[in-house]
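Enquirer: There's a structure below that I have some questions on.
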């Protein structure tokens, strides 16, 4: 034994000599090095040097107790020095090597911020999310989610950004960060086109009291969204609320400017000027005030208030330095205003000065404005120069500028350049495409290329059939086709041939007649009129004199129409009078006076037609009917070659007169039949078939009408009447209720005949057909072009309303609302009440009850005498009632009661009185209701329910019970029975007794037996289940909870409550198989259940209790790895992992698991740690490691105290183990 002691002492000495303790000098140096680096970092702010010193310290003292702090400050020094590339790995090393350090969470957040600074937004976002997951209960968890969402947004992963914001709103609803998250989410949803969802999020911020810091921004953004949607009234309301609630907020100043900018963008310059003036007067911020003054000057300039604008520009410029951002803008505006004021030289000088400033956007704008200025002065050549230079120096020039340049090229004869520019613009999809196509055709016309011009005009109608200029285009097409020499070379050759024929021996008078004919055929009516006039005067007794006189009148009439298209109405009227005179002279000649009587008859027909044109429609038709009836009598006897024309016009006149005088309809049919019988080979037979078809349609004989028109299409496929026939067939097929055939014909018309004069009407009819068939998307597609091309606001308004209705039917409520707003923006006056009413309905469907309520109120008050006033007021009252604003509802209902026969209005007015605690008034009103609506017996029960509810809220259980017990039978019997049970339950709760409990339980049991299908059955079963659960009657409780899940009309929250309680009941009854099925049902059917994570934990417990230990361990590990559990639940999961391993006999793994309970469980209940230590000690006992087990038990005694139950148990185990060890020794 002595030898043993000597050797021990020798060993200790040897160790002391070989491994000396750290010297005092080394310890002092280590401390000094650390303090030096720390002071440089913390006090001097010399981050670069501090980083170098910390790096040296870490290398030199790897075992230092200050190592963790050194690594942390090294990371922060790198970050503060702008070296995030070094900071990121340094932070990682810190929190990996020192996982238990208190600053681990801060380090992770700072590392994520570094990633964001580096532009690695997606990794930064994921890092912030990891911070939130690891420290979900920390005070910075919500901020971490907010930063994660912001980085996802910057990284363009908007889906994840939205998910992060929504997770923040769901998991941290009470955090101060929730309002900022809601605001940012609203911005994202608005950017994604979800304006309604954005407004709802903003409304939640605005409604919060006290107002959060984000409230002014929410009001501002909400107003801007309203402006974007075209809802100026709503925007004004929000901005006024912003001004009233936050008068000194920066957002209030911004709102003034945003509203004015919006009006300016709409080109409402006068209103914008007033808004800018208000902004200038109200805004306190100097920078915004300057912007308001600049906007005011620009708006006054645009609204032609040039002198006032110049004054504002001068005032603004006087207060700005030349380098100020607004200085050049003000100078540009001032120069434009000077040009408009006639101060040309000053304006040009200012523009030239601006042009010299390199790199300034205003320098390029000055080039454009110089072009505008010279154009206004009529100096088109110089204007072209400046426009061209502007286009050369800017890549962002608008198509409108190119269009202006093309117009200038055209006006100065640079047709090729104009054509090239117009072609490029017309081939695009921009706003100027239609204007460019029109301009292209005009250039061809001006450059004497009529065929090309005609081609482009026709192309215009094909591309833009419903555009505003389509009517003007049709007139140009008519002008080119009817009044323009399309081929001058052919005309010249024909004229040369006539002169050659004269030289070759043809009589001079015939040669002159041929020249006149050639001129007429080539549409040179002015020259033709002169030639025919000369011939008729020179050869009055000639065989061809009648022909010459007839074509003289025709030429004069053509010239009259030509001058009308040329906007010369005086000349047109004069020429028409001359033509009538010539017709009268020729028509008045006796048959024997002319060699060819046909010209006289033609003149008579033209005279009838021309005279009729000068009167109103009714007189015109009567004139035509009377004239042609007389002509036909003579023409039939004389077998006139003009008989077919006269019969056709007679039939048409009688058919049109039949719209007001049906007796004439059969006469029209007879005229058409005569034409086809007497002149079967006439080219007018197709027109007679058309007339016959329309006759049958007017008679209601639609099949005969359709047969006639279909025959026309089949027999005369290339007839010029085809487009008109297709149009009429569309109407007829619709009248036959054969819409698909109508659509086929109208679509054929739409695509095959773009120049059809009634194309707009045909497209509208096609849209109406789709609408009636419920094909609303197709209807919208057809209506939309008609709105942009509406010739009147009223016409466009009607179509816009149809578009709105179609969107409404499609469930696209936001677009429907926007269409109605567009109707109001376009200045609709008629039917405003119906528009407001429809908007209110849409607002209601979008969940915007306040706006719907306001609009219904507006209809009721502003259109009190209208058909919709009562209905609108009624709906406003219903909204107030549903939103529990009973005083407001009662006030709205009150004026309606006298005349309304709607039981709902009267009934809810009574209910409102009860809910306002006006009991006696409610009773009285209820009695009056019963007298007035004797058959509406169910309302009496509702009034009785309300009276009982009144007493129940007041705690007067006796009177409440008496009121509820009166409700027997009828629609509300189950409500009465349920309220009886509820009253007894509450009465017993207030004054518990065995007798009261028995009565309450019996009432609930009787209710579910007598009313098993009641909507209240779920609540009743839930109450029964809770009662049984409180008595530990778990299986009876489970039965009640199952009934809740199977109950009809069970609310989602009630079902979620019941399924959780069902799970706990089966667990309490140790029915683990049933519990397993329920927890799976909960996770499958209720994924959004608030206790989803708890259910997953319970699933692990159930698997453990069933002996499925590996599956249980897997379940617990999954929950812990995802960091879904709060501290106490995490301790529980770790304990059950240990218990599972222990039950499997894997004691080493069990010991490790139990140890983790204490290692990670600082924030959990201490009992889990104590229980885990007990089981850990038992595992050591099972392994025969009694000494280690004693150590663990001793730890329990120290922590819990020797006098505690746990301490006493541990001491008993220690005594037993020591006794066992003593016996072994």
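The values are calculated or read from the model by the stated rules, or taken from the named source; none is laboratory data. Predicted model, so just to flag it, every value in this text is computed and none were measured. Because the Cβ atoms are built from the backbone with ideal geometry, glycine has one as well, and the counts that use them run over all protein chains shown.
Enquirer: Here are some residues: 971, 920, 935. Which one is at pLDDT 90 or above and out of contact with any strand residue (DSSP E or B) (no Cβ under 6 Å at 6 or more places or on another chain)?
Expert: 920
Residue-by-condition table, conditions (1) under 40 Å from the mean Cα position of the chain (by Cα); (2) crowded, with 20+ Cβ neighbours inside 10 Å; (3) more than 30 Å from residue 764 (Cβ to Cβ); (4) at pLDDT 90 or above:
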position	(1), (2), (3), (4)
410	no, yes, yes, yes
413	no, no, yes, yes
421	yes, yes, yes, yes
428	yes, no, no, no
438	yes, yes, no, yes
444	no, yes, yes, yes
451	no, no, yes, yes
454	no, yes, no, yes
463	yes, no, no, no
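Enquirer: If you check residue 172 against the conditions, is it under 30 Å from the mean Cα position of the chain (by Cα), under 27 Å from residue 1119 (Cβ atoms), crowded, with 16+ Cβ neighbours inside 10 Å and without any contact (Cβ under 8 Å) to a residue 40 or more places away in the chain?
Expert: The answer is yes for residue 172.
Enquirer: Output the residues belonging to segment 945-969 that are within 46 Å of the chain's Cα centre (by Cα) and touching a residue at least 24 places away in the same chain (Cβ under 8 Å).
Expert: 945, 946, 947, 949, 950
Enquirer: Going by what's in this entry, would residue 1103 be described as within 30 Å of residue 135 (Cα to Cα) and surrounded by 18 or more Cβ atoms within 10 Å (Cβ to Cβ)?
Expert: yes
Enquirer: Please verify whether segment 553-573 includes one or more residues that are crowded, with 21+ Cβ neighbours inside 10 Å, under 22 Å from residue 484 (Cα atoms), over 60 Å from the mean Cα position of the chain (by Cα) and modelled with pLDDT of 90 or more.
Expert: yes
Enquirer: Now, a different point. Check 138, 82 and return the single one that is at positive phi and within 47 Å of the chain's Cα centre (by Cα).
Expert: Among 138, 82, only 82 is at positive phi and within 47 Å of the chain's Cα centre (by Cα).
Enquirer: I'm told residue 378 meets every condition in (1) more than 42 Å from the chain's Cα centre (by Cα); (2) part of a helix (DSSP H, G or I) except one. Can you identify the failing condition by its number?
Expert: Every condition holds for residue 378 apart from (2).
Enquirer: Residues that are closer than 12 Å to residue 1213 by Cβ, assigned by TED's automatic domain parsing to the domain that holds residue 1213 and either crowded, with 20+ Cβ neighbours inside 10 Å or modelled with pLDDT under 90 (or both): does segment 1154-1174 have at least one?
Expert: yes
Enquirer: Moving to a separate point now. Mind checking which residues of segment 659-703 are at pLDDT 90 or above and outside any helix (DSSP H, G or I)?
Expert: 679, 680, 681, 682, 683, 684, 699, 700, 701
Enquirer: Across segment 1167-1198, which residue is farthest from residue 1152 (Cα to Cα) among those that are without any contact (Cβ under 8 Å) to a residue 12 or more places away in the chain and assigned to a helix (DSSP H, G or I)?
Expert: By that ranking, first place goes to 1198.
Enquirer: Assess whether residue 861 counts as being loosely packed, with under 14 Cβ neighbours inside 10 Å, in a helix (DSSP H, G or I) and under 38 Å from the mean Cα position of the chain (by Cα).
Expert: Yes: the conditions hold for residue 861.
Enquirer: Say we look at segment 266-298 and pick out the residues that are within 30 Å of the chain's Cα centre (by Cα) and over 20 Å from residue 242 (Cβ atoms); which of these is surrounded by the most Cβ atoms within 10 Å (Cβ to Cβ)?
Expert: 273
Enquirer: Working only within segment 661-675, note down all residues that are surrounded by 17 or more Cβ atoms within 10 Å (Cβ to Cβ) and closer than 17 Å to residue 715 by Cβ.
Expert: 672, 675
Enquirer: Taking the conditions exactly as written (part of a helix (DSSP H, G or I) and not assigned by TED's automatic domain parsing to the domain that holds residue 1204), does residue 1104 satisfy them or not?
Expert: So residue 1104 passes the test.
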